[in-house]
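Asks: Before I ask anything, here is the structure I am working with.
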Amino acid sequence: MPGFELFGDRERKEVADVLSTGVLMRYGFEGARNGHYKALEFEKKLGDITGSDFSHLCASGTAALCTAMAACGIGAGDEVIIPPFTFVATFEAVLQAGAIPVFGEIDDTLCLNPDRLDDVLTPRTRAVVPVHMCGAMARITEIKEFCDKKGLILLEDACQALGGTFQGKHLGSFGLAGCFSFDAVKTVTCGEGGAIITNDRQVYDVCHQYADHGHDHLGGPDRGADGHPILGCNFRISELNAAVGLAQLGKLDRILETQRRNKRIIKEAMTDMPEFSFRYLPDPFGDSATFLSFMLPTEERTRQVGEALAENRVPCAYWYANNWHYYRQWDHLKKMRCAAPMAVQLCDNLPDFQHLVLPESDAIMKRTLSMQIMLSWSDQDLEQRIAAIKKSVTQ
Ligand SMILES: Cc1ncc(COP(=O)(O)O)c(C=O)c1O
């Protein structure tokens with residue numbers, strides 16, 4: 001998963017380009033920047049890779065989600081269906097929009113279950129935000145069919161799934177817009193960064209305007225001459241961050257190839273160990289292979305094996321008991337502990353998060369462990385890892 005494992009001369013060269021000009025901002029300073037437009041170059045490349053007409057870089061994946069919410073027209077009082085297994089940023093972006101997160105069940109893809117969306121649909125539902133968790137896909141065509149049938153916006157949180165595809169089409173490119181994160185631990189990193197992709201010109205225009213104080217970017221070299229068609233915010237990325245990401249994006253194919261190889265070797269060895277079953281992948285070829293997620297028969301056995309794996313130096317995430325990625329521990333959301341009152345609290349349809357129970361998701365997550373796949377593993381590391389996994393299930 002982490003592109004930082006491959007930092008090298010290309011990253012240094014791209015950053016040096018920026019530093020040599022002194023221009024750290026993506027807009028303006030035409031005379032001084034010596035032809036360097038790292039954010040713009042990154043966006044073109046990301047559009048080409050994902051087959052999207054437009055792409056816009058932001059300061060983070062969270063900023064990209066907030067920007068995409070605005071650009072897709074999701075706002076105050078709207079209900080947005082999201083999964084309970086994600087990073088907190090997904091519901092943060094919904095709340096920042098003044099909209100209301102409504103949690104649907106997940107299935108054995110570890111992503112939103114399209115068969116359960118109808119259960120949480122109300123007249124106020126405006127959008128569905130599936131999250132392609134741990135590098136692989138939700139049942140995205142079925143989720144899209146549901147959205148199309150019900151007239152809902154499909155906005156994909158592909159923050160963890162750069163390079164992942166379903167039947168050859170990039171995750172993030174199925175809906176009206178899709179978002180990626182390039183934070184410090186992602187497949188491709190800018191240090192901090194994120195992006196929105198879309199094929200819709202209007203959505204794109206709102207994205208670049210909203211993320212830059214409403215600038216329409218039509219004023220030419222004089223930023224002061226830009227118009228401000230909408231209210232916005234500052235979610236811009238700096239040229240330094242974009243430069244790191246640009247070098248990293250050039251390594252995406254190599255990263256995916258290495259991850260897939262390392263994951264395949266470990267998964268094949270685990271397939272011979274009868275207690276394990278695996279996350280369902282609707283298209284195994286499109287898995288970006290950042291994680292290997294597997295299940296044990298019971299919660300008790302999952303906790304036992306998880307502890308044994310950690311003792312044997314193969315730490316795995318047990319998301320069910322994790323503070324940041326699963327709803328059970330999201331006390332700040334459940335109690336709506338806000339720094340100051342939020343617009344969303346004025347809504348009369350705010351659900352009672354405190355009593356939220358998702359039995360189908362719990363039944364899956366209780367039995368799931370995820371191993372992060374690293375790029376730097378040698379063949380010997382892989383062998384040791386497999387031996388440690390065997391030992392952990394027998395001790
Ligand atoms: C599913 C998901 N959505 C959104 C984000 C937010 O991205 P960032 O950390 O770049 O703000 C993350 C980051 O881990 C994520 O995993």
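Read-outs throughout are calculated quantities, based only on the coordinates presented, and are distinct from any laboratory measurement. Values in this document were obtained by computation on a predicted structure and should not be read as measured data. Here the Cβ positions follow ideal geometry from the backbone for every residue, glycine too, while neighbour counts run over all protein chains shown.
Asks: Would you mind calculating the gained length between Thr394 and Arg264 on full extension (0.36 nm times residue separation, minus the Cα-Cα distance), in nm to one decimal? Intermediate results must be reported in sequence, preceding the final value.
Replies: On the way: separation 130, 0.36 × 130 = 46.80 nm, distance 2.21 nm.
Gain on extension, Thr394 to Arg264, equals 44.6 nm.
Asks: Binning at 10 Å from 0, report for region 1-64 what percent of all alpha-carbon pair distances ends up in each bin.
Replies: 18, 41, 37, 3
Asks: From the residues Ala89, Phe146, Cys190, which one has its Cα farthest along the dipole of the chain in the positive direction, the dipole being from +1 and -1 charges on Cβ of Lys/Arg and Asp/Glu about the Cα centre?
Replies: Positive-end residue among those listed: Cys190.
Asks: Moving on. Could I have the simple spin-label model distance between Leu350 and Met374, label points 7 Å from Cα toward Cβ, reported in nm to one decimal?
Replies: 4.4
Asks: Here's something else I'd like to know. Please list, in order along region 34-50, the HN-Hα scalar couplings obtained from phi with the Karplus expression 6.51 cos²θ - 1.76 cosθ + 1.60 (θ = phi - 60°), rounded to whole Hz, x for Gly and Pro.
Replies: Rounded to whole hertz, the list is 6, x, 8, 10, 5, 5, 4, 4, 4, 4, 4, 5, 5, x, 4, 4, 8.
Asks: Return the tail of the calculated pair distribution for region 322-395, meaning the percent of Cα-Cα pairs more than 21 Å apart.
Replies: Numbers: 1503 of 2701 pairs.
Percentage above 21 Å: 56.
Asks: Using the Cα centre of the chain as the reference point, and only Cβ charges (+1 on K/R, -1 on D/E), how large is the resulting charge dipole? Debye, rounded to the nearest 20. Don't skip to the answer; put the middle values down first.
Replies: On the way: 40 positive and 52 negative charges, 126 e Å.
Roughly 600 debye, rounded to the nearest 20.
Asks: Something else: Exposure proxy check: Ser238, Ser181 ranked by fewest other beta carbons within 10 Å?
Replies: On the way: Ser238 18, Ser181 30.
Lowest to highest Cβ neighbour count: Ser238, Ser181.
Asks: Across 10 Å bins from the origin, how do the percents of Cα pairs in region 253-394 run, short distances first?
Replies: Reading the bins upward from 0: 10, 34, 28, 16, 10, 2.
Asks: Something else: Share of antiparallel DSSP beta bridges in the chain, in percent to the nearest 5? Present the calculation step by step, with values, prior to reporting the outcome.
Replies: Numbers: 22 of 36 bridges.
The antiparallel fraction comes to roughly 60 percent.
Asks: Let me ask something else. Under the rule of at least 5 residues apart or a separate chain, name every residue whose amide H is placed under 5 Å from the amide H of Ile106.
Replies: Distant-sequence amide H within range of Ile106: Asn113, Ser361.
Asks: Let me ask another. Which trypsin sites (Lys or Arg not before Pro) does region 289-345 hold that lie in a coil by DSSP with at most 11 other beta carbons within 10 Å? Write down the numbers at each step before the final one.
Replies: Values: sites: Arg301, Arg303, Arg313, Arg328, Lys334, Lys335, Arg337; in loops: Arg313, Lys335, Arg337.
Sparse-neighbourhood loop trypsin sites (Lys or Arg not before Pro): Arg313, Lys335, Arg337.
Asks: Counting only residues 5 or more places away or on other chains, whose amide H sits under 5 Å from the amide H of Thr125 once H atoms are built in the peptide plane?
Replies: Distant-sequence amide H within range of Thr125: Glu79.
Asks: Another question about this same structure. Across region 147-153, in residue order, what do the Karplus-derived ³J(HN,Hα) couplings come to in whole Hz, using 6.51 cos²θ - 1.76 cosθ + 1.60 with θ = phi - 60° and x for Gly and Pro?
Replies: 4, 4, 5, 9, x, 9, 7
Asks: What value, in deg cm²/dmol to 500, does the helix sum -39500 (n - 2.57) over DSSP H runs of n ≥ 4 give at 222 nm once divided by the residues of the chain?
Replies: Values: 12 runs with 138 residues, N = 395.
Helix-only estimate at 222 nm: -10500 deg cm²/dmol.
Asks: Using θ = phi - 60° and the Karplus curve 6.51 cos²θ - 1.76 cosθ + 1.60, what whole-Hz ³J(HN,Hα) does each residue of region 308-320 get, with Gly and Pro shown as x?
Replies: For region 308-320, the Karplus curve yields 5, 4, 4, 4, 8, 6, 10, x, 10, 7, 10, 4, 4 Hz.
Asks: Ignoring solvent entirely, what values of log10 I(q)/I(0) come out of the Debye formula for the chain at 0.08, 0.10 Å⁻¹ when each Cα is a single scatterer?
Replies: Taking Cα atoms of the chain as identical point scatterers yields -0.43, -0.67.
Asks: Could you tally the net charge around Phe29, taking each other residue with its Cβ under 11 Å from the Cβ of Phe29, Lys/Arg +1 and Asp/Glu -1?
Replies: So the environment of Phe29 carries a net charge of +1.
Asks: Hey, rough spin-label estimate for Glu5 and Asp331, points 7 angstrom out along Cα→Cβ, what's it come to in nanometres?
Replies: In this crude label model, Glu5 to Asp331 measures out at 3.5 nm.
Asks: To the nearest 20 Debye, how big is the dipole of region 153-261 about its Cα centre, given +1 on the beta carbon of each Lys and Arg and -1 on that of each Asp and Glu?
Replies: Numbers: 9 positive and 13 negative charges, 109 e Å.
Computed charge dipole of region 153-261: roughly 520 debye.
Asks: Neighbour counts of other C-beta atoms within 10 Å: give me Val244, Val88 arranged from fewest to most. Don't skip to the answer; put the middle values down first.
Replies: On the way: Val244 27, Val88 16.
Fewest to most other Cβ atoms nearby, the residues stand as Val88, Val244.
Asks: Further question: Which residue fluctuates the most in the chain, going by a Gaussian network model with Cα springs under 10 Å, if the choices are Gly31, Gly193, Gly104?
Replies: Looking only at Gly31, Gly193, Gly104, the largest GNM fluctuation is found for Gly31.
Asks: Let me ask another. If R0 is 30 Å, what FRET efficiency do you get for Arg116 and Arg301 from their C-beta distance, rounded to 0.05? Walk me through the numbers before you get to the answer.
Replies: Values: r = 26 Å, r/R0 = 0.88.
My answer for the efficiency is 0.70.
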